[in-house]
Amino acid sequence: MLRRAMQLVLTIVMIMSATAGGMLATAAPAQADECYTWGRTLSEGMSGADVTQLQIRVAGHVDYGEILSVDGSFGPRTTAAVTKFQQAYGLAADGVAGSQTFSKIYALQDPDCTPIHFTYAELNKCNSDWSGGAVSAATAKSNGLRTMWKLEAMRHAMGDVPLTVTSGFRSTACNNAVGGASNSRHLYGDAADLVGSPTLCQLAQRARYQGFGGIFGPGYPDHNDHTHVDGRTSRSWSAPNCGV
Ligand code: ZN
């Protein structure tokens, strides 16, 4: 009898906590996010770690040939990138990052901060911990994340076409195994070799609008079966078979 009463109490407690959980989920702020939650509206002239987080996510929304500085300082180029991001996703485009912009970013990212169409595993088929490259594992992984956000912008700009990364981060051992250049950006974690439904030339051309510094495609030695993009801060483009 006592045991039965205990079971009843337990059942009631479980129902109550389930209801409370449901209510909590409903009442939680819409902008809550497992990866990163911005706590203020960001606009030109502001600075901070939250600006850096924003810049990482809009750095693929730039002008032809532009490479946005991810420096935590919200200047005119960040305003322009936020505006392009807003335009790309049909938001009111004012260059100010407020709740609508942040909500869109939350919708576009996974709990581990990667954009929804790319994963750390896709960007690193070499090892599990991003070690052994030309920079620290933490830097390599961070570079990989930045590259993924540019790729997310790129696939959206091309009409939400799937893009596949055949090679991303490489340790020195992985790079040597595939015959990569000794100074390859793959050693830094910010490079991606792409294939997809667009032609390799379309990928090489489109990447010029998405914040990539290094772009190599058809006609460049060893790049006839993929288009390489990377996050170097100087411009180095070559895809001679594409007429560009
Ligand atoms: Zn490459």
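Worth pointing out:
- Some residue of segment 134-141 being in a helix (DSSP H, G or I), under 14 Å from the mean Cα position of the chain (by Cα) and in the same structural domain as Asp190 (by TED's automatic domain parsing): yes
- Looking at segment 145-244, the strands (runs of 3 or more DSSP E) lying wholly inside it that each contain 2 or more residues that are small (Gly, Ala, Ser) sit at 191-196, 236-238.
- Every residue from segment 201-218 that is more than 13 Å from the ligand (Cβ to nearest atom) and crowded, with 24+ Cβ neighbours inside 10 Å: Gln210, Gly211
- Scanning segment 147-188 for residues that are buried (at least 19 other Cβ atoms within 10 Å of the Cβ) and charged (D, E, K, R) returns Lys150, Glu152, Arg155, Arg170, Arg185.
- Lone unmet requirement of (1) under 19 Å from Leu123 (Cβ atoms); (2) within 12 Å of the ligand (Cβ to nearest atom) for Gly179: (1)
- Conditions (1) assigned to a helix (DSSP H, G or I); (2) more than 16 Å from Cys35 (Cβ to Cβ); (3) not assigned by TED's automatic domain parsing to the domain that holds Ala173; number of the one not met by Phe102: (2)
- Residue pairs whose Cβ atoms lie under 8 Å apart, sitting 6 or more positions apart in sequence or on different chains, and linking a residue in segment 40-59 that is of a type in the set (Phe, Trp, Tyr) to a partner that is modelled with pLDDT under 95 and surrounded by fewer than 20 Cβ atoms within 10 Å (Cβ to Cβ), do not occur here.
- Of the residues making up segment 224-237, not a single one is of a type in the set (Phe, Trp, Tyr), in contact with an Asp or Glu (Cβ under 9 Å, 6 or more places away or on another chain) and either crowded, with 16+ Cβ neighbours inside 10 Å or farther than 23 Å from Trp149 by Cβ (or both).
- Of all residues in segment 72-108, those being buried (at least 21 other Cβ atoms within 10 Å of the Cβ) and touching a strand residue (DSSP E or B) at 6+ places or on another chain (Cβ under 8 Å) number 3.
- Scope segment 219-234; condition at pLDDT 95 or above and more than 13 Å from the ligand (Cβ to nearest atom); matching residues: Gly219
- Contact map, segment 106-117: residues that are free of Cβ contacts under 8 Å to residues at least 60 places away in the same chain paired with residues that are among the charged types (D, E, K, R), Cβ distance under 7 Å, separation 6+ or inter-chain. Pairs shown: Leu108/Glu152; Pro115/Glu152; Ile116/Asp110; His117/Glu152; His117/Arg155.
- The single condition among (1) touching a residue at least 24 places away in the same chain (Cβ under 8 Å); (2) more than 16 Å from the ligand (Cβ to nearest atom) that Asp160 does not satisfy is (1).
The values are calculated or read from the model by the stated rules, or taken from the named source; none is laboratory data. All values reported here derive from a predicted model rather than from experimental measurement. All Cβ positions, glycine included, derive from the backbone under ideal geometry; neighbour counts span all protein chains shown.
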